[in-house]
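These notes are about the structure you will find just below.
The values are calculated or read from the model by the stated rules, or taken from the named source; none is laboratory data. Model, not experiment: these values are computed from the prediction. All Cβ positions, glycine included, derive from the backbone under ideal geometry; neighbour counts span all protein chains shown. Each accessible area value is taken on the protein alone, full model and side chains, heavy atoms only, with ligands, DNA and RNA left out. Shrake-Rupley method; radii C 1.70, N 1.55, O 1.52, S 1.80 Å.
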Amino acid sequence: MKFTKQQWQWIFYDWANSGYGILVVTAVLPVYFKAVARDAGVSAANSTALWGYANSLGTLVISLLAPLLGALADYPRFKRCWLNLFTWTGILLTFALAVVPPQQWQALLGIYVLSVIGYSGGNLFYDSFLTDVADDRQMDLVSATGYGMGYLGGVAAFVIFLAAQLSNGFGGLLSSYGVAQFSFIVAAVWWIIFAWPLLRHGHQRYSVTAVRNPLTDSLRRLVMTFRHIKQYRRVTWFLVAYFFYIDGVDTIFTMATAIGKDMGVDTTTLMIVLLVVQLIAFPFSLLYGWLARRTSSRAAVLTGICVYLFICLYALKLDSLFDFWFLAILIGTSQGGLQALSRSYFGQLIPKEASSEFFGFYNILGKFSAILGPLVVGLVTQLTGKSTIGIASLAVLFAVGLVVFLALPQSSK
């Protein structure tokens, strides 16, 4: 399949904000924040708790606003405006992370919370643009390619940071704190360069009828959607299934480092594993898109859920570095594909003119699902004393998601 110019613009937005995802959220800022908080006399336990609260707050704010923001974006020419607003908010605040003096750790944390809101809000409108750039036949491959390019873009941005880190700040030009601040600038510039085409030229094909008061009308439409939810049976039950299995996907990714540490895997090896998983995820995301075209997006999603179910069960025998690498590679094969095809499968179910509103519900469930999985892993780990059993317990979430997905009504929405 040959992608159109508009589709490439959409795909490269995933490449664009991947620098933020890996440098700010995952790899650099968490370590940098703990270092500056420690220097300010904050205990390790308190800085970890504050970091967790900050992530929860940013996620909670955008999750609660997502359905209303999505409904507002469905009016003619509104979607690109909201995409620009949240994206530029995220970009400018990412730049701000680089200029906050290290001793002002409270300001650093506050700016990070606001940047998360910008980043997550931008993703909401980016996801909803999928229905504008691709029809139902193209959606699986376009979505999978977006996820794949996102992983590859994240690796490329991370390599730039590694060059600064391994060269001792380019031969001493940057301090250890300076290297971290440099990475935030890289993330922001990366975001601007590769998101610009979609921000500038994104075309909204579908929309609801324009009204004089979009806010009041958006609230009315949300109420109507809730009242007539039975009209969207497949959408509703898919979201139930998605809530469970995506919770397992997110939990495994976020807990992987902690599990590796429990097994005695050193930090350098963990960083290498992270890069390898990202690199593997790129071609396998494309492979899932190809599989969906040859069979169906439903079959491909079922395949991804089953792979993760196997990962959870295999975790029961996780006791060597080989086992850890084996599971990491398995995660890399299905992580991007399952997320990408869940997005495109949902996009094929929903009314196109209200895509932002429906992707608002999709995003809120995706965010809130991140609560249950870590809780299950934490409780089971404490009760058994083994984190591997904690990960294995996530099989319940994948099993529930699988059963509900298999039972999805096949008739009208």
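Annotation: extensible slack from Val211 through Ala35 equals 58.3 nm (criterion: 0.36 nm per residue apart, minus Cα-Cα distance).
Choose one answer from Thr216, Thr26, Thr94: the residue with the largest mean-square fluctuation in a GNM of the chain with alpha-carbon springs under 10 Å. Comparing Thr216, Thr26, Thr94 in the GNM, the peak value goes to Thr216.
What residues of the stretch 1-41 lie in the reach of a label at Asp135, counting those whose backbone N is under 17 Å from a point 7 Å from the Cα along Cα→Cβ? Taking a point 7 Å out along Cα→Cβ of Asp135, the residues of the stretch 1-41 whose backbone N falls under 17 Å are 1-7.
Considering all different alpha carbon pairs of the chain, the Kirkwood hydrodynamic radius works out to 21.9 Å. Counting only protein heavy atoms and a probe of 1.4 Å, the accessible surface of the stretch 329-413 is 73% carbon and sulfur. Under the membrane-span-like helix rule (DSSP H runs whose alpha carbons stretch at least 30 Å along the helix axis, mean Kyte-Doolittle hydropathy 0.0 or higher), the chain yields 44-73, 78-99, 105-128, 139-166, 176-201, 233-262, 267-294, 321-349, 355-384.
Summing Cβ point charges (Lys, Arg +1; Asp, Glu -1) relative to the Cα centre of the chain gives a dipole of roughly 1140 debye.
From largest accessible area down, sort Val99, Val155; use a 1.4 Å probe on the protein chains. Don't skip to the end; give the middle numbers.
On the way: Val99 110, Val155 15 Å².
In descending accessible area the options line up as Val99, Val155.
For the chain, set up a GNM with springs between Cα atoms under 10 Å and report which of Val400, Val211, Val116 has the largest fluctuation. In the Gaussian network model the winner is Val211.
For the stretch 168-234, what % of the accessible area comes from carbon and sulfur atoms, probe 1.4 Å?
Working: 2530 of 4190 Å².
Here carbon and sulfur together make up 60 percent of the probe-accessible area.
The label point for Val396 and the one for Ile193, both projected 7 Å from the Cα toward the Cβ, are 4.7 nm apart. Put the Cα centre of the stretch 39-114 next to the Cα centre of the stretch 302-371 and the gap is 24 Å. Solvent exposure of the stretch 24-77, expressed per residue, is 43 Å² of accessible area, with all protein chains present and a 1.4 angstrom probe.
Using a 1.4 Å probe and counting only protein heavy atoms, arrange Asp39, Asp266, Asp247 so the residue with the most accessible area comes first. The partial results should precede the final answer.
Working: Asp39 100, Asp266 80, Asp247 0 Å².
These residues rank, largest area first, as Asp39, Asp266, Asp247.
About its Cα centre, the dipole of the stretch 125-266 is roughly 760 debye, where the only charges are +1 on Lys and Arg Cβ and -1 on Asp and Glu Cβ.
Estimate the FRET efficiency between Glu353 and Leu68 by the formula 1/(1 + (r/R0)^6), using the beta-carbon distance for r and 22 Å for R0, to the nearest 0.05.
On the way: r = 17 Å, r/R0 = 0.77.
Plugging the Cβ-Cβ distance into 1/(1 + (r/R0)^6) gives 0.80.
Summarise the accessible area of the stretch 1-137 (1.4 Å probe, protein heavy atoms) by the percent that is carbon and sulfur. Walk me through the numbers on the way to the answer.
Working: 3620 of 5340 Å².
The C+S portion of the solvent-accessible surface of the stretch 1-137 is 68 percent.
Once you list every other residue whose beta carbon is under 11 Å from the beta carbon of Gly347, what net charge do they have if Lys and Arg are +1 and Asp and Glu are -1?
Values: positive: Arg343, Lys352; negative: Asp127, Asp132, Asp135, Asp136, Asp140.
Counting the neighbours of Gly347, the net charge comes to -3.
Given R0 = 25 Å, the distance between the Cβ atoms of Leu219 and Val240 translates into a calculated FRET efficiency of 0.50.
Mind checking which of Ser176, Ile192, Phe161 is farthest towards the positive end of the stretch 158-241's charge dipole, using Cβ charges of +1 (Lys, Arg) and -1 (Asp, Glu) about the Cα centre? Farthest along the dipole direction, towards plus: Ile192.
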